[in-house]
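Encoded as structure tokens, the structure appears first; notes follow it.
The values are calculated or read from the model by the stated rules, or taken from the named source; none is laboratory data. The structure presented is a predicted model; accordingly, all values stated were derived computationally and were not measured. For neighbour counting, all protein chains shown are included, and Cβ atoms are generated from backbone atoms with ideal geometry for every residue, glycine included.
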Amino acid sequence: MKNATFSKLPHYLLALLLCCLSTGNSWANGARAAAENNQPPSITLSGDIDLPRFEIGQEYTITVHVTDPENDLVTLDLLVDSWDIVPGPGIGFVWLTKEDFSPQLPVTRQAPYTVDLRITPKDNQHQSSLLYVTATDEGGNSSTVEDHIFIWHPREFLLPADTLYISAGQQYYFHIPVRNWDGGTTTAISNTLDFISQAYDDFGMLLITSDEFYIPEEQHIGIHEILLTYQESSTRIQETLYVVVQPECSMVRWYRDADGDGWGSRAFEAITTSCNALEGYVRNNADCNDWDASFYPGVGDCPAVENQAPTISFRRDGWGANPYYYLIGEEAVFYLEVNDPDQGDRISLEMEKTATKPLFVDATFSPELPHTGEGPYTVEIRWTPTAAEGNYEHVVNVTATDQHGATTVYHLSLEPYFPAQISPPTEPVYVGVDEVFRIYVPYLDNGGAYQQFAKSETLDVYIGEGGKAFTEVDEWGFGTYWVDIASYQIPRTEDIGTHTVTLELWDAIPERPNTITAPITVIVDPDCTNELWYRDADGDGWGTGEPMHRICNQLEGFADNNLDCDDTDAAVYPGAGDCAEINRDLVFAIDGTPDRMEIGQENVLTITAIDPEGQELSLRLVRVLDTDWNEVPMLEGASFHPSLPISGEGSLRTELRWTPTYSQQGWQEIHLEAEDAAGNVTRHELILRAITTPVFHAPDEITVPVNTFFTAYIPVSGGAGGTLWTAARLKLPIAVSEASPGLELVGEVSDQWLGTHEVTLVAGIDGDELTTKTLRITVVESCELQRWYPDRDGDGYGLNRNYYSIDSCTPIEGYVANNQDCNDSDAGIHPGAAEIPADGIDNNCDGVVDEEMDCSSIAGLTVASTCSDNPRLERAWVIYNPNPCPIEVRYDLRQSAVGGTLIAQPGETYFQTPFIERNMNIMQLHWQDERGKEQMYRYRKPHNTGLRIFTVCSDDPQKELLWRVHNPNPCPYYVEWEIRGSNQRGSYIAPPGDSYLTTTTIPNDPNVAVLMYYNYHSKKRYSRQASAYRQCSGKQNAPASLVEAEAQAEEAPLELATELAVYPVPFRDVLQVRHEGIRADQPVRVSLVSLGGTTLEVPASQIRQSDGALELHLQQLPLADGLYILRLDIGDEKPLYQRVIRQQ
């Protein structure tokens, strides 16, 4: 009021104004109260808003009536939101907006008033839309009503306007959308054309495709009708799609152009294949928004499309899932189809062979290659593979280049093959009673023959070792192989007679895979004894190699010895050619069981060489083959007493003493020779098999009631050294099945079986029966059946595995009536046991680990660098928290702004920081101790060694150079490389060890390779090496192939075993290891690998072993403080890994 004047006011108004001002602004308060009591306006909708649908092309009116209690000026506005139903993928539509209504809103008028909103729906507008009508008065009070309108589109199939033309022998697919789909179902039927139809009923799309199973053939040439049906409640729509199958035409992908802007949809559901152009479809799929013609590449928000490379596709008619295999001697026809997304581009096509074998010896190309033309075009290849090209995968690089230089390379794989064949014995095979037998059958392998089966309705047989390769196999591994049929159960007296054994071989390579069968007649003869027979390839009566058949009779092509010096030349045999004469009077006698050498125990075989004439003779060791058939000086853990060679008169005796390890399970050989004074030699192959004899862990007796279902799982241990099998001989009518590992007896018996019955449990390895145990089952009229669980650690609590249980009315020694033990290999772990803090174990089986944690004091934390999964962009760190409680920590990387907070869990916690060039990577870790005082640990110790690049001779050094990059560190490193003075450069992640790269040779240049990497302090370091290609010539034997190096570089990161528990963390001298696969009687191997790659083997003498647990005493190992990887090998299982930390 400072500048106000009142000279023009009447005196009585001036007096009234001064009075009001002096009474505390009562007028202002009244105005405020009036505003607070102002009421919002009201809206009502009427007219056509209540119609269930709006027809396209008709005008509709929505009446909006606005009122206001104070009759204020009210502003009316409209918001439109399209929602819910989409009319189908690839169908163009636009959203409904308020601009589609007239008059245009907003409008402001004195309430009350009425506005008639008029709309005429269009064909391309969205179906369902919500209308939000809002009225706002002068005081800012507003109210909103909402309603929706439904624009009705006729339901119809959106078919191509043109008839579809497709080619015989080629796959096709059509995507047919349904307009105005609203939850119905779609089907397709044809009486003349086979196909697969799939309805995407969640958004109204029907896919019709031949897939690889219904490719049209010659008999389908002609016109076909496909009846399309849409069904929704009472609505039924049917239309006919016409398809013409032509003898041969080029199939092209067409993309639906719903908005007609010349650019096709990117959606897979918008694709249709045909030989002819289709209206409404184009040959590109670059449209960013196929609902709006104002959006396409280079316009709107849609980026421009650069020149695209041409495409190459391979087609071979009628060959389904295996188009790359070709029968030798039979003409094959296939096609290369060339196209370019950029219409009108000219494309050059050429072919380069990379195979070392001959290829396309008898082949024609139409048109001849190289060829240049406007795409699309097709090259027909007719090829009759020859034997010289056979059983080898040829790779041909087919290159297409457009006029702008864009290139595509297609790797064409071609593999000619012979059909697989089996050659069984043509004469009957005789085998003895109560003896293991083995029959080897040759088969011609074409690279796809596998899944061999042997079956007989009257004789228990199985496929044994199989796959024994002989000289008939070529350098690529194709040719004649041998598969052995062995006795699963040893033939008994009741098996005497003639049996048919059928060998089946699955040949997977042909276009229609098939099973090849060959019958073999086997006669079980009580009057014969099985002998070993050896392969006699040259038919001179002298065999060679390892034993093949173990049968009674001699088959053609086999001999009873393996003494031939050259089995490819019938003129060379003992006593002829360069082969020394054999004195068959010299004999060997073996006392012991060489095929049952028990693992972990000392086994003794007595070997005696005898000369019946009593002459001077000598005994010597000539060859030893380990379980991998590698020649070694002697089997580990084996020795002769006295040691060989020895000599004397009449007879010589030595003992073979051998304690096999678990890694030696299976077969190995020791070859001996005895020589008399005349120089005659007798050879003997001592065939050894290291095993663990199977042992049944079964009770002596169980009791069951009649007419009550019961189960009994009988576990078996051992069985290493071959294929473990189990069986049972019994008369009770119950089911017996093999469980892994063990037997399961299941069933119920009637009262006619009252009494005690014996069940003979049988276990063996391969064809040998090694173990039997008698289980008595007593059947009574009535008793209470109880389920019992094994209690291996004797703590009174059973193993929590239902399938290990046995049902019996009477108690079973070693079993209890509960399954509450969470670790049945440790008597200290069971329900009610004391929980040991910070040991990482659920001691009391309550499902919680270390719930009783003492966090009253906090030990120091540490941080260290570790390997990163992305060394180009990140550094990786590990925090070790020795406390049983999580601790909040703060970390910061010195000389950078990198830092943060996280929760360090007990044990190890991993985190990453960004890679920063030229940073010292000094990591500082901060936390508060139990008194609230901040503590810090600083890590700055580098742990890397420089990388080097070396020159390696390539196969063709005048064209290509090979380089070896050596990374001596345990972590992968990001590296960059270049050939100095050229544009040859690149980068990759170099794995630990060696990796390889290739460059193109630059003539008359030293070809200096420069390798750049970042050291631990993120500083660039370089290694330089000039190529020595001028000193290289011919094919080289590189230390590792480039393929192997690339495979090594792509090897998956080390996977830690979550089920392998180790504690304490950190450890000092003693480390506990827990895993359910550990057994007290099964050898294990343990090693520790440091970050520097050093491996320390833990001696067996420092390992205390029990079921499920190891205790490692590591005082004698030279262990420094830090992080290690513990590796645990249990038998032949996959190694297990876990991190451990050593800290004094």
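Every test in (1) on the phi > 0 side of the Ramachandran plot; (2) free of Cβ contacts under 8 Å to residues at least 24 places away in the same chain is passed by GLY721 save one, and that test is (2). Kindly provide the set of residues from the range 738-791 that are at positive phi and within 36 Å of the chain's Cα centre (by Cα), ordered by number. Once the filter is applied, which keeps residues that are at positive phi and within 36 Å of the chain's Cα centre (by Cα), the range 738-791 yields GLY742, ASP766.
When ASP564 is tested against (1) of a type outside the set (Ser, Thr, Tyr); (2) at pLDDT below 90; (3) over 19 Å from GLU673 (Cα atoms), exactly one condition is not met: (3). Determine whether GLY648 is at pLDDT 90 or above, out of contact with any strand residue (DSSP E or B) (no Cβ under 6 Å at 6 or more places or on another chain), of a type outside the set (Ser, Thr, Tyr) and more than 24 Å from PRO547 (Cβ to Cβ). Yes, satisfied.
Which is surrounded by fewer than 19 Cβ atoms within 10 Å (Cβ to Cβ), within 30 Å of ASP48 (Cα to Cα) and among the acidic types (Asp, Glu), of GLU217, GLU239, GLU225, GLU156?
Among GLU217, GLU239, GLU225, GLU156, only GLU156 is surrounded by fewer than 19 Cβ atoms within 10 Å (Cβ to Cβ), within 30 Å of ASP48 (Cα to Cα) and among the acidic types (Asp, Glu).
Of the residues making up the range 739-783, just one is out of contact with any strand residue (DSSP E or B) (no Cβ under 8 Å at 6 or more places or on another chain) and surrounded by 16 or more Cβ atoms within 10 Å (Cβ to Cβ), namely ASP768. Among the residues of the range 1115-1136, is any assigned to a strand (DSSP E or B), among the hydroxyl-bearing types (Ser, Thr, Tyr) and surrounded by fewer than 17 Cβ atoms within 10 Å (Cβ to Cβ)? Among the residues of the range 1115-1136, not one is assigned to a strand (DSSP E or B), among the hydroxyl-bearing types (Ser, Thr, Tyr) and surrounded by fewer than 17 Cβ atoms within 10 Å (Cβ to Cβ), which makes the answer no. Taking the range 860-959 as the region of interest, none of the strands (runs of 3 or more DSSP E) fully inside it holds 1 or more residues being modelled with pLDDT of 90 or more and touching a helix residue (DSSP H, G or I) at 6+ places or on another chain (Cβ under 9 Å). The set of residues from the range 917-975 being small (Gly, Ala, Ser) and closer than 22 Å to ASN1004 by Cα comprises just one member, SER954. The residue that is nearest to HIS411 (Cα to Cα), among those in the range 366-382 that are touching an Asp or Glu at 6+ places or on another chain (Cβ under 7 Å) and crowded, with 17+ Cβ neighbours inside 10 Å, is THR378. Can you confirm whether the range 666-679 contains a residue that is surrounded by fewer than 18 Cβ atoms within 10 Å (Cβ to Cβ) and among the aromatic types (Phe, Trp, Tyr)? Looking for residues that are surrounded by fewer than 18 Cβ atoms within 10 Å (Cβ to Cβ) and among the aromatic types (Phe, Trp, Tyr), one finds none in the range 666-679, hence no.
For the range 977-1001, a tally of residues being closer than 20 Å to ASP869 by Cα and among the charged types (D, E, K, R) returns 1.
Within the range 775-818, which residues are in a strand (DSSP E or B), within 14 Å of HIS697 (Cβ to Cβ) and either touching a helix residue (DSSP H, G or I) at 6+ places or on another chain (Cβ under 6 Å) or modelled with pLDDT of 90 or more (or both)? Of everything in the range 775-818, those that are in a strand (DSSP E or B), within 14 Å of HIS697 (Cβ to Cβ) and either touching a helix residue (DSSP H, G or I) at 6+ places or on another chain (Cβ under 6 Å) or modelled with pLDDT of 90 or more (or both) turn out to be LEU775, TRP788, TYR789, PRO790, ILE806, TYR815.
Contact map, the range 929-951: residues that are closer than 29 Å to ALA1026 by Cβ and of a type in the set (A, V, I, L, M) paired with residues that are modelled with pLDDT of 85 or more and exposed (fewer than 13 other Cβ atoms within 10 Å of the Cβ), Cβ distance under 8 Å, separation 6+ or inter-chain. Pairs shown: ILE949/ARG1024.
Counting only strands (runs of 3 or more DSSP E) that sit wholly inside the range 400-501, those with at least 3 residues that are surrounded by fewer than 20 Cβ atoms within 10 Å (Cβ to Cβ) and at pLDDT 75 or above are 407-417.
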